[in-house]
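What follows is a set of notes on a single structure, which appears directly below.
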Amino acid sequence: MYPRSYYAATAHTLAPQDPLTTPSLRTDVCVIGAGYTGLSTALHLARAGMRAVVLESQRIGWGASGRNGGQLYGGQRRDVDWLEARFGETRARQLWQLGEAARDLVKRLIAELHIDCDLTPGIASVAHKARYVAEYHALADKLAARYGRAHLQKLDAGATRALIGTDAYYGGYVDWDAAHLHPLNLALGVAQACLAAGVRIFEATRAIEFDDRDRVLVRTERGSVVADQLVIAANGYLGGLAPKLAGRIMPINNFIVATEPLDAAFADAINPRRVAVGDSRFVINYFRMSADRRMVFGGGENYRAGFPRDIAAFVRPYLSKIYPQLASTAIEYAWGGTLAITLNRMPHFGRLGERVYFAHGYSGQGVGLAHLAGQLIAETIRGRSERFDLFAELPTRPFPGGRWLRWPAMVLGMLYFALRDRL
């Protein structure tokens, strides 16, 4: 069963998949996780004629893939200045273009597979402090001149207000090549394509452990899978499955609300072109108008195992600060989800030994990058690892304290940056 959310309430129907009960199911590749990474991996393997089995502990798209803000960016979570400073211009350009390819891959899959997921163009990146506007405009100029971004529109305070109906921001830019969508319907659409291509997906099937000393053996509660290769695509739900990886990602919880449907004239007044928005705060506010005119607003996060008891009350102050005119609007859905971040906010790709591949830690930009990760893992399994290795070669330091002691330092750091946002 899916957690209650606007996405679950408006999801297209896909029949539940049976759990695995076979004592020793044989396949070419076993994939753990039926989110974007796992589904994309399986689809690209199946299209290449390989057998793939996907194990999902809950339902398809149950985790971050079915609960996120639905924003499809290009590029990377880090901007080109950061990339150039650390990796040089050549590698920065390669990494940035992979991020562009991620966005284009998702758009192509939606078109090819006829996925009905409310794909809508435009994401505005906006500054909550006046001094940030010059940086945003300089970045937009650089992306247009040197990185091939042809559809950027710079915004001053007035243009921002006209575009998104709030005085909370001082300017920024819109990327009209970026887009937003219904994330769970995207996952279900890719899953339907997987099933049609012969992929076997087992829901309610938690991978307990794996052994890769000879061939890969993955044990579940009621069965097991024997495979030549294994792909770990669990992201924020990795848990203790792969201890060597756990200390390099941090699961964090983020929270979203969806209002009641807004009056058409009011929706047109506050978001006439139906763009999505992400702001400059370290703990980012992100929001968009749904296809049925609801404000879908993400704000606030925590760094412990549980969610707030009243998520709507937790998020409403963030919403009301940006849109005072929505302060008394009814919130019909409120939900949380767990994603994984890395210390440097770049995704963590790699191998464990000769047969095990992984990709995770998309740090809030997983709608595109997770689909690309699946494509690159499939390429690598088939013998072409050049694009995968561009990510795998990036240094990904563990969080201080490793898996068990990373939380206190992380919480202190996040509190510092949240305080800096408010000052």
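Before moving on, here are some points about what is shown:
- Of everything in region 56-111 that is over 26 Å from Ser385 (Cα atoms) and either outside any loop (DSSP other than H, G, I, E, B) or aromatic (Phe, Trp, Tyr) (or both), the residue that is nearest to the chain's Cα centre (by Cα) is Ala64.
- Scanning region 45-63 for residues that are over 15 Å from Asn185 (Cβ atoms), touching a residue at least 12 places away in the same chain (Cβ under 8 Å) and either among the hydrophobic types (A, V, I, L, M, F, W, C) or out of contact with any Leu (no Cβ under 9 Å at 6 or more places or on another chain) (or both) yields Leu45, Ala46, Arg47, Ala48, Met50, Ala52, Val53, Val54, Leu55, Glu56, Ser57, Gln58.
- Test result for Asp177, in a strand (DSSP E or B) and of a type in the set (D, E, K, R): yes
- Enumeration of residues in region 212-223 that are in contact with a Ser or Thr (Cβ under 7 Å, 6 or more places away or on another chain) and either part of a loop (DSSP other than H, G, I, E, B) or buried (at least 21 other Cβ atoms within 10 Å of the Cβ) (or both): Val218, Thr220, Arg222, Gly223
- A single entry from Gly189, Gly172 fulfils the requirement of being surrounded by 20 or more Cβ atoms within 10 Å (Cβ to Cβ), touching a residue at least 24 places away in the same chain (Cβ under 8 Å) and closer than 20 Å to Arg67 by Cα: Gly189.
- For region 192-211, a residue qualifies if it is exposed (fewer than 15 other Cβ atoms within 10 Å of the Cβ) and part of a strand (DSSP E or B), and the qualifying residues are Ile208, Glu209, Asp211.
- Residue list for region 84-94, restricted to those being of a type in the set (A, V, I, L, M) and either touching a helix residue (DSSP H, G or I) at 6+ places or on another chain (Cβ under 6 Å) or more than 19 Å from Lys142 (Cα to Cα) (or both): Ala92
- Among the conditions (1) modelled with pLDDT under 95; (2) assigned to a helix (DSSP H, G or I), Ala373 misses just one, which is (1).
- Yes/no for Ala140 being under 25 Å from the mean Cα position of the chain (by Cα), assigned to a helix (DSSP H, G or I) and not hydroxyl-bearing (Ser, Thr, Tyr): yes
- Failed item in (1) assigned to a loop (DSSP other than H, G, I, E, B); (2) hydroxyl-bearing (Ser, Thr, Tyr); (3) surrounded by 16 or more Cβ atoms within 10 Å (Cβ to Cβ), with Ser328 passing the rest: (3)
The values are calculated or read from the model by the stated rules, or taken from the named source; none is laboratory data. Here the structure is a predicted model, which means the values were calculated and not measured. Here the Cβ is made from the backbone with ideal geometry for all residues, glycine too, and neighbour counts use every protein chain on show.
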